[in-house]
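Chemist: Would you mind keeping the following structure in view while I ask a few things?
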Amino acid sequence: MTVIDVSKDYEARTLTFFAEFSAPIKRVWQLWEDPRQLERWWGPPTWPATFTEHELFEGGTMKYYMTGPEGDQSRGWWRVIAVDPPNSLEFENGFADETGAPVKDSPAMNMLVTLSEGRVE
């Protein structure tokens, strides 16, 4: 994956990344469908992810933790809002406690992934 552009809109509180993949759209989608592949991609390189729950359907939940270089763990959750394979995925993402439940009063963010063939201008 090569990030080709980053767009920031402070008023709308959005951050948009445009990236190119050297693979067909269906192959890129497999990354989201398979938790073992997603683990290799989600999070910083020094904090590998482990998904303990992976329900890729509308209303589904995902639970994961990332393990740092010193063995410490940070947990997260996703709530799947919409899925349109292999074109898009929308989910809410937040911090989780040791059980994988959302941390009370912790902020969450919405993420929208859109995949398309060819270059988007």
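Chemist: Give the cross-link partners of K104 among the lysines, using a straight C-alpha distance below 19 Å as the criterion and excluding same-chain residues fewer than 8 apart.
Modeler: Those lysines meeting the cut-off are K63.
Chemist: Using a 1.4 Å probe and ignoring any ligands, DNA or RNA, find the accessible area of D5 and quote it in Å² to the nearest 10.
Modeler: For D5, solvent-accessible area is about 80 Å².
Chemist: How large is ³J(HN,Hα) for each residue in the range 44-57, as worked out from phi by the Karplus curve 6.51 cos²θ - 1.76 cosθ + 1.60 (θ = phi - 60°), to whole Hz, x for Gly and Pro?
Modeler: Listing the rounded values in order: x, x, 8, 10, x, 9, 9, 8, 9, 8, 8, 10, 8, 8 Hz.
Chemist: Please list M109, M66 from largest to smallest accessible area, probe radius 1.4 Å, with all protein chains kept in place.
Modeler: M109, M66
Chemist: Also, quick follow-up: Using a Gaussian network model of the chain whose springs link C-alpha atoms within less than 10 Å, name the residue from F17, F91, F57 with the highest mean-square fluctuation.
Modeler: Result: F17 has the largest fluctuation of those listed.
Chemist: For the range 20-101, what does the equivalent ellipsoid look like in terms of its semi-axes, each the square root of 5 times an eigenvalue of the Cα gyration tensor, given largest first in whole Å?
Modeler: Output for the range 20-101: semi-axes of 22, 17, 9 Å.
Chemist: A further question on this structure: Per DSSP helix of 4 or more residues, -39500 (n - 2.57); summed, then divided by the residues of the chain. What does that give at 222 nm, rounded to the nearest 500?
Modeler: Computed mean residue ellipticity for the chain: -3000 deg cm²/dmol.
Chemist: V3 accessible area, nearest 10 Å², 1.4 Å probe?
Modeler: Rounded to the nearest 10, that gives 70 Å².
Chemist: From the phi of every residue in the range 12-23, what ³J(HN,Hα) in whole Hz does the Karplus formula 6.51 cos²θ - 1.76 cosθ + 1.60 yield, where θ is phi - 60° and glycine or proline is x?
Modeler: With the stated coefficients, the range 12-23 comes to 7, 6, 10, 9, 10, 10, 10, 9, 10, 10, 8, 7 Hz.
Chemist: Provide the solvent-accessible area of S116, counting protein heavy atoms only and rolling a 1.4 Å probe, rounded to the nearest 10 Å².
Modeler: Ignoring ligands and nucleic acids, S116 comes out at about 60 Å².
Chemist: If you don't mind, another one. Would you please calculate the Kirkwood hydrodynamic radius of the range 71-121 over all C-alpha pairs and express it in Å, rounded to one decimal?
Modeler: Evaluated over the range 71-121, this radius sits at 12.7 Å.
Chemist: Which of these, K104, K63, K26, has the largest mean-square fluctuation under a Gaussian network model of the chain (Cα springs below 10 Å)?
Modeler: K104
Chemist: Using only the heavy atoms of the protein chains and a 1.4 Å probe, how would T16, T2 rank by accessible area, largest first?
Modeler: Output order, biggest surface exposure first: T2, T16.
Chemist: Hey, if we sort Y64, Y10 by accessible area with the 1.4 Å probe, largest down, what's the order?
Modeler: The most accessible residue leads, giving Y10, Y64.
The values are calculated or read from the model by the stated rules, or taken from the named source; none is laboratory data. Being a predicted model, the structure only gives us computed values, none of them experimental. Ligands, DNA and RNA are excluded from the accessible area calculation, which covers all protein heavy atoms including side chains. Shrake-Rupley method; radii C 1.70, N 1.55, O 1.52, S 1.80 Å.
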